[in-house]
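One structure is given below, encoded as structure tokens.
Where a number appears in this text, it was derived from the coordinates with a stated rule and is not lab data. This is a predicted model, so every value here is computed, not measured. Using ideal geometry, Cβ is built from the backbone for each residue, glycine included, and neighbour counts are taken over all protein chains shown.
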Amino acid sequence: MKKSIFLLSISLLVFAACSDDYLDTTPNGQATSAQFWRNGDDAVSAANALYEPMIDEEFYGHSEQTFEICSDDFYRAGDHGEDQAIEDFTFDADNSQLRHSYKFKYEIINRAHAILINVPDIEMDQNLKNQVLGEAYFMRGFARWRQHVIYGSLPIITEENYINNEFNQPKPTVAEFQAAIEADWLMAADLLPANYSGADVGRPTSGTVNGFLAKFYLYVDDFDNAITYGEKVLNGPYPLAESFADNFTIATENNPEVLFAVQSLDNWKTQDYMIYTTPRPWGGWDFHEPIQDLVDEYETDDPRLDASIFKPGDMVDIGGDDGVQEYTADLSSTGYHFRKFASWRDSGGLNGDQNIPILRSADVYLLVAEAKIRRDGAGAGDTELNAVRTRALGEGAAISGADMDDLIHERRVELAGENQRFADLKRWDKAGIIDLVAHFQIDRGQFKPSRTFMKPKHYYFAVPQREIDLSNGVIEQNEGY
């Protein structure tokens, strides 16, 4: 899939949402919609195009990850003032970081619309047609999911709106927006295959969708459905990798545990996040540096620490003439860098084959464990929590009677840096499990001093003011901004 999503001879007429560019767009490449949508090859090319925006620096290449810097896991570092405002909860609706990835989500949605409108009329293999339609439903739901996690709700652009160029739509309620995500993912789950082989490995499967549905239902406190859909993953062909580190090692990064990832291909189309999170002398830009508080969360001899974070004294092979180098505290402001997202070529230089994991089976195991604990009490999620825990620490590390404190710890050390922590903290606060105002008032040292979290304002980020202005006020701002 790494090659197929980039070798695109496709041209879709796509639109950036809520902008003034709709009437000025031109087809990408040479083909037009009048020449396209002829056969199964065209349908697959259109499906491939769904994933291309993901890798952009202003989407998962960097900007999407900045919505995590509010968490207690890492210091923003870098030299972007807009990032500091987000980290400190002092941002406003004009913050440029809020709008960088905004357009890409709507671009994915509109590419999905093009598929859902045109592919049903193509004469092609029915199984392949189902797959392409399933990918479109999944990716439209995924784009809306990220919109929901960040902004709460945004205008829902439908296929009919797309056909009629009716893009200036008001925001629905959060519940209505959630319902649209759920509907797309339920459709996708019925259409997508359980797994792939060969060059198609990396495409979303029914397991991918069921994993996201488990996450969705837990976010809305529907524990029964969170367990039902999560167990479809746990009982499916998506086992945990033998080693935690396999999920971040290029040779094994598309193993069955990795349910969804941004696919990156060296010397073709590569993700920039590996550059942002690695030491500057080793080819990086020194952003998003783990803080001591996160490092201290790991238990003694937890191999996930070594696989997740560079620490002083670590010996790292960065290839080429530089060879093995010692990681020293002065390479970082905090003394640490994330290890999960970077690898080096044997010849030297960062290896662009490094993917960005978005959803893993381990995450789903912990979602099911949490749903069982919150529904049935401490100990109810021991089996699922221990599956993740003992994969890393060995059978002797299994615990009994695990409660929410144990679950919160396990999610933090398992998923550190994977864009989950801040969203987790917010939903636990909404559920009354933690007090996020008090949590952010804790001084965690120089790089995470006491900060002021305001409820309900900071449950969601501000809708970019530019989008509100372009809508002539049809889009309403979120509460508190």
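Would you give the gap between the C-alpha center of the stretch 334-374 and the C-alpha center of the stretch 309-325, rounded to a whole Å?
The distance from the Cα centre of the stretch 334-374 to that of the stretch 309-325 comes to 19 Å.
Can you compute 3J(HN,Hα) from phi for each residue in the stretch 116-121, using the Karplus curve 6.51 cos²θ - 1.76 cosθ + 1.60 with θ = phi - 60°, rounded to whole Hz and x for Gly and Pro?
Once rounded to whole Hz, the list reads 5, 7, 9, 5, x, 8.
Under unit Cβ charges (Lys, Arg +1; Asp, Glu -1), what dipole magnitude, rounded to 20 debye, does the chain have relative to its Cα centre? Intermediate results must be reported in sequence, preceding the final value.
Details: 41 positive and 80 negative charges, 146 e Å.
With Lys and Arg at +1 and Asp and Glu at -1, about 700 debye.
Taking 8 Å as the Cα distance limit and 6 or more residues as the minimum spacing, I'd like the relative contact order of the stretch 403-481 as a percentage. Each step should come with its number before you reach the end.
On the way: 47 pairs, mean separation 12.9, N = 79.
Computed over the stretch 403-481, the figure is 16 percent.
For the stretch 273-351, with the dipole built from +1 on Lys and Arg beta-carbon atoms and -1 on Asp and Glu ones, taken about the Cα centre, which of PRO290, PHE310, MET274 lies farthest toward the positive end?
MET274
Would you mind checking LYS129/LYS269; LYS311/LYS340; LYS215/LYS430 for any pair whose Cα atoms are more than 23 angstrom apart?
Result: LYS129/LYS269 exceed 23 Å.
Can you tell me, using C-alpha contacts under 8 Å and at least 6 residues apart, the relative contact order of the chain as a whole percent?
Here the relative contact order equals 18 percent.
Positive end of the charge dipole of the chain (Lys, Arg +1 and Asp, Glu -1 on Cβ, about the Cα centre): tell me which of GLY81, LEU133, ALA398 has its Cα farthest that way.
Highest projection toward the positive end goes to LEU133.
If you average the C-alpha positions of the stretch 202-255 and of the stretch 77-111 separately, how far apart do those two centres end up, in angstrom?
For the stretch 202-255 versus the stretch 77-111, the Cα centre distance is 28 Å.
Just to confirm a number: summing +1 for Lys and Arg and -1 for Asp and Glu over residues other than PHE142 whose beta-carbon lies under 13 angstrom from that of PHE142, what do you get?
Here the count lands on +2.
Add +1 for every Lys or Arg and -1 for every Asp or Glu among the other residues with Cβ under 15 Å from the Cβ of ASP42, and state the total.
Overall, the nearby charge balance is -2.
If you take the square roots of the eigenvalues of the alpha-carbon gyration tensor of the stretch 357-404 and sort them as a ≥ b ≥ c, do you get rounded (a/c under 1.5), prolate (a/b over b/c) or oblate?
oblate
Assuming a ≥ b ≥ c are the square roots of the Cα gyration tensor eigenvalues, decide whether the chain counts as rounded (a/c under 1.5), prolate (otherwise, with a/b larger than b/c) or oblate.
Note, shape of the chain comes out rounded.
Scan around ILE309 for amide H atoms under 5 Å from its own, H built in the peptide plane at 1.01 Å from N, and keep only partners 5 or more places away or cross-chain.
HN-HN under 5 Å from ILE309: ARG339.
What is the stretch 273-351's relative contact order, in percent, from Cα pairs under 8 angstrom and six or more apart in sequence? Spell out each step's value before the answer.
On the way: 147 pairs, mean separation 27.6, N = 79.
Worked out over the stretch 273-351, it gives 35 percent.
Can you list residues from other chains, or at least 5 along the same chain, whose modelled amide H is less than 5 Å from the amide H of TYR75?
HN-HN under 5 Å from TYR75: GLU289, ILE291.
What 222 nm value per residue comes from the helices of the chain, counting each DSSP H run with n ≥ 4 as -39,500 (n - 2.57) and dividing by all residues, nearest 500 deg cm²/dmol?
-12000 deg cm²/dmol, from helical runs alone.
By its C-alpha gyration tensor, with a ≥ b ≥ c as the square roots of the eigenvalues, how is the stretch 419-481 shaped: rounded for a/c under 1.5, else prolate for a/b larger than b/c, else oblate?
It comes out prolate by the Cα gyration axes.
With θ set to phi - 60°, apply the Karplus curve 6.51 cos²θ - 1.76 cosθ + 1.60 along the stretch 235-242 and write out the HN-Hα couplings as whole Hz, x wherever there is a Gly or Pro.
Going residue by residue, I get 9, x, x, 10, x, 4, 4, 4 Hz, with x marking Gly and Pro.
For the stretch 273-356, give the magnitude of the charge dipole about the Cα centre (Cβ charges: +1 Lys/Arg, -1 Asp/Glu; no others), in debye to the nearest 20.
Charge dipole, the stretch 273-356, about its Cα centre: 340 debye, nearest 20.
Give, as a single signed number, the net charge of other residues whose beta carbon lies under 14 Å from the beta carbon of GLU289, with Lys and Arg counted +1 and Asp and Glu -1.
Details: positive: ARG76, ARG280, LYS311, ARG339, LYS340, ARG444, LYS448; negative: GLU68, ASP72, ASP73, ASP79, ASP83, GLU87, ASP286, ASP293, ASP330.
Neighbourhood net charge equals -2.
Could you tell me which GluC sites (Glu not before Pro) in the stretch 70-132 are loop residues by DSSP with no more than 12 other beta carbons within 10 angstrom of their beta carbon?
Values: sites: GLU82, GLU87, GLU107, GLU123; in loops: GLU123.
Listed in order of number, the matching sites are GLU123.
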